[in-house]
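Chemist: Below you'll find the structure I mean.
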Amino acid sequence: MVDLRIRGGVAALPDGPAEADVLIDGGRILALVAPGSGAEARETLDASGCVVLPGAIDPHVHFRTPGMTDKEDWPSGSAAAVAGGVTTVLDMPNVLPATSSAEALAAKAALVEGRSWCHYGFFGGLEAGNQDRLRGLAKAGAIGFKVFLGESTASLPPPDPAGLRCAFRVAADLGRRVAVHAEDAETLRAASSAVAAPGFDLRSHGRARPAEAESRAVALVCALCAETGAPVLIAHLSTGAGADEVRRARSRGADAGAEATPHHLLLTEEDAVRLGLGSLAKVNPPLRGEGDREALWRAVADGTVTQFGSDHAPHTPEERRGDRPPSGFAGVQNTLPALLGHPRLPLRDFVRLTAEGPARNWGLWPRKGRLAPGADADLAVVRPAAPAQAVRQWSRNPDGPLLRGCPVRAEVVVTLVDGQVAYGAGQPSGRPRGRWLRP
Ligand SMILES: [Zn+2]
């Protein structure tokens, strides 16, 4: 007798989709069996017509805790996660106070404990002058480090190249990966002073953060990665030139990879202007042109991109009004519905980029990221069709370009966390049972 059988679905197995029942016991996957075969179960979940996926790991969210909880709070952000088939989130350190010391990390963990619908990990902030705190952050449980090379929302002060090299040596020694917001600060400063537009418009934002800012920063990071051996991940890659740098580094054996966001894959600046999204589509790095969008899809197909991340970063509607709106928007609930079943994304690649890739990048493999015996029973049961009616959004500030500008291709029916229903019948279910994950 086992706890649960998920029956009648198509299971997204590591080597491809297959009709299989999933047997779950004690919070773990016990076996994948031919439909109807194997041990009896105390409970059954009908997945007919659905795909059973390893729960998505969203390795790039800003749940705004502590200090910015008018934008998002942990219960609302994690409810949005499970409603989007996401069973683990990795949260960024640019909160107030920043998560750039062991003490700040411990304080943040205490705030989140018992309030999360999904599992979670925390990035430690790498900033100018805190290299000697990185060991403490790793010891306190940081899943990896995040560094901002260019300014963004509440971003941490960037180290200079010498400080970055020194920090990369520490990261290499610790075996912790560094996620990089790769826009070169000098290039941003020069470009934005040349764009002296009064008021806000999307095209000026794009001109103020040109592609060269990204390719320069990516080139520096890849060089330091090769020199120091630090594993790196270029967050929200947005340009073909940046992708070329990462591809070159990988071909020379450097442990460098890149993240793609759904918005950079699905929307151009032109699309956002045509849809009249205004400040709702303002993001760093900005939405680009069709050439860069195409190049990003090529980087997805050839393995240069090693994870998808939503860069879920909500703001309040009040903040978006006015001349200097902040950058970022919600996305953790909308990534799976916008990308699963996309004609350019075979199911195998979807699983590689939402589950396997992030699990490997952040030290969670093989317990997370795969449908296989022994893995934790974090799963999403998904109907590969648009829902009959709009799905309720759970973020405190859910609006964004994915919601406004991208077709919904799939509906999350049930999300399981540790073998228990965390989301079902259109709402979070049970109690928040998410756990803090360390590498
Ligand atoms: Zn971000």
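The values are calculated or read from the model by the stated rules, or taken from the named source; none is laboratory data. Model, not experiment: these values are computed from the prediction. Cβ placement follows ideal geometry from the backbone for every residue including glycine, while neighbour counts extend to all protein chains displayed.
Chemist: Specify the residue that is surrounded by the most Cβ atoms within 10 Å (Cβ to Cβ); the eligible residues are those in segment 206-241 that are more than 16 Å from Ala256 (Cα to Cα) and either within 16 Å of the ligand (Cβ to nearest atom) or not assigned by TED's automatic domain parsing to the domain that holds Lys146 (or both).
Modeler: Per the criteria, the residue is Ala213.
Chemist: Condition first: farther than 16 Å from Gly144 by Cβ and surrounded by fewer than 24 Cβ atoms within 10 Å (Cβ to Cβ). Now tell me which residues in segment 250-260 satisfy that.
Modeler: Keep residues of segment 250-260 that are farther than 16 Å from Gly144 by Cβ, which gives 250-254, 260.
Of everything in segment 250-260, those that are farther than 16 Å from Gly144 by Cβ and surrounded by fewer than 24 Cβ atoms within 10 Å (Cβ to Cβ) turn out to be Arg250, Ser251, Arg252, Gly253, Ala254.
Chemist: A follow-up question, please. For segment 269-365, which fully contained helices (runs of 4 or more DSSP H) count at least 3 residues that are among the hydrophobic types (A, V, I, L, M, F, W, C)?
Modeler: Values: elements: 269-274, 290-301, 317-320, 335-339, 347-351, 357-361.
Of the helices (runs of 4 or more DSSP H) lying wholly inside segment 269-365, those with at least 3 residues that are among the hydrophobic types (A, V, I, L, M, F, W, C) span 290-301, 335-339, 347-351.
Chemist: Shifting gears a bit: Could you list, in sequence order, the residues of segment 309-318 that are in contact (Cβ under 8 Å) with a residue 12 or more places away in the chain and away from the ligand (no atom under 16 Å from the Cβ)? Write out each step before concluding.
Modeler: Filtering segment 309-318 for residues in contact (Cβ under 8 Å) with a residue 12 or more places away in the chain gives 309-317.
Thr316, Pro317, listed by residue number.
Chemist: Filter segment 75-94 down to the residues that are away from the ligand (no atom under 16 Å from the Cβ) and more than 24 Å from Val178 (Cβ to Cβ) and list them by number. Give the steps one after another, and end with the answer.
Modeler: Initially, segment 75-94 is screened for residues away from the ligand (no atom under 16 Å from the Cβ), giving 75-76, 78-79, 82-85, 87-88.
Pro75, Ser76, Ser78, Ala79, Val82, Ala83, Gly84, Gly85, Thr87, listed by residue number.
Chemist: Which numbered condition in (1) closer than 26 Å to Gly309 by Cβ; (2) over 23 Å from the mean Cα position of the chain (by Cα) is the only one that Ala56 fails?
Modeler: The failed condition is (2).
Chemist: List pairs: first residue in segment 51-67 and touching a residue at least 60 places away in the same chain (Cβ under 8 Å), second residue away from the ligand (no atom under 16 Å from the Cβ) and of a type in the set (S, T, N, Q) anywhere in the structure, Cβ distance under 7 angstrom, at least six positions apart or on different chains.
Modeler: Cβ pairs passing all conditions: Gly55/Thr87; Gly55/Thr88; Gly55/Thr415; Ala56/Thr87; Ala56/Thr354; Ile57/Thr88; Ile57/Thr354.
Chemist: To continue, here is another question. Working carefully through the options Arg207, Arg248, Arg274, find the one that is free of Cβ contacts under 8 Å to residues at least 60 places away in the same chain, under 23 Å from Glu186 (Cα atoms) and among the basic types (Lys, Arg).
Modeler: Arg207
Chemist: Exactly one condition in (1) part of a loop (DSSP other than H, G, I, E, B); (2) at pLDDT 95 or above; (3) not polar (S, T, N, Q) is false for Lys108; which is it?
Modeler: (1)
Chemist: Can I ask one more? Give segment 70-127 a look and list any residue that's touching a residue at least 12 places away in the same chain (Cβ under 8 Å) and among the acidic types (Asp, Glu), or say none.
Modeler: If the condition is that a residue be touching a residue at least 12 places away in the same chain (Cβ under 8 Å) and among the acidic types (Asp, Glu), then Asp70, Glu72, Asp73, Asp91, Glu113, Glu127 are the ones that fit.
Chemist: Residues of segment 334-363 being within 16 Å of the ligand (Cβ to nearest atom) and touching a helix residue (DSSP H, G or I) at 6+ places or on another chain (Cβ under 6 Å), which ones?
Modeler: Asn334, Thr335
Chemist: Something else: Going by what's in this entry, would Val381 be described as farther than 26 Å from Arg274 by Cα, crowded, with 21+ Cβ neighbours inside 10 Å, more than 19 Å from the chain's Cα centre (by Cα) and in contact (Cβ under 8 Å) with a residue 24 or more places away in the chain?
Modeler: The answer is yes for Val381.
Chemist: May I ask you to say which residue of Gly322, Gly328 is within 25 Å of Glu411 (Cα to Cα) and surrounded by fewer than 24 Cβ atoms within 10 Å (Cβ to Cβ)?
Modeler: From the options Gly322, Gly328, the qualifying one is Gly328.
Chemist: With respect to the numbered conditions (1) surrounded by fewer than 17 Cβ atoms within 10 Å (Cβ to Cβ); (2) over 19 Å from Val10 (Cα atoms); (3) free of Cβ contacts under 8 Å to residues at least 60 places away in the same chain, which one is the sole condition not fulfilled by Arg360?
Modeler: (1)
Chemist: Just for segment 139-156: of the residues that are away from the ligand (no atom under 16 Å from the Cβ) and not aliphatic (A, V, I, L, M), which one is farthest from Arg209 (Cα to Cα)?
Modeler: Lys139
Chemist: Continuing with this model, one more query. Hey, Lys146 hits all of (1) farther than 23 Å from Arg165 by Cβ; (2) among the charged types (D, E, K, R); (3) buried (at least 22 other Cβ atoms within 10 Å of the Cβ) but one; which does it fall short on?
Modeler: If we test Lys146 against (1) farther than 23 Å from Arg165 by Cβ; (2) among the charged types (D, E, K, R); (3) buried (at least 22 other Cβ atoms within 10 Å of the Cβ), just (1) comes out false.
Chemist: Taking Arg348 as the residue in question, decide whether it is among the charged types (D, E, K, R) and either at pLDDT below 95 or more than 24 Å from Ser116 (Cα to Cα) (or both).
Modeler: yes
Chemist: If you don't mind, another one. With the requirement that a residue be under 28 Å from Thr65 (Cβ atoms) and either within 16 Å of the ligand (Cβ to nearest atom) or over 20 Å from the mean Cα position of the chain (by Cα) (or both), what does segment 279-304 give you?
Modeler: Within segment 279-304, Ser279, Ala281, Lys282, Val283, Asn284, Pro285, Pro286, Leu287 meet the criteria.
Chemist: Would it be correct to say that Glu127 is within 13 Å of the ligand (Cβ to nearest atom) and part of a loop (DSSP other than H, G, I, E, B)?
Modeler: Taking the combined requirement at face value, the residue does not satisfy it.
Chemist: Something else: It is to be established whether one or more residues within segment 171-178 are surrounded by 21 or more Cβ atoms within 10 Å (Cβ to Cβ), within 30 Å of Pro343 (Cα to Cα) and within 16 Å of the ligand (Cβ to nearest atom).
Modeler: First, the residues of segment 171-178 that are surrounded by 21 or more Cβ atoms within 10 Å (Cβ to Cβ): 171, 176-178.
Subset that is within 30 Å of Pro343 (Cα to Cα): none.
Checked segment 171-178: no residue is surrounded by 21 or more Cβ atoms within 10 Å (Cβ to Cβ), within 30 Å of Pro343 (Cα to Cα) and within 16 Å of the ligand (Cβ to nearest atom).
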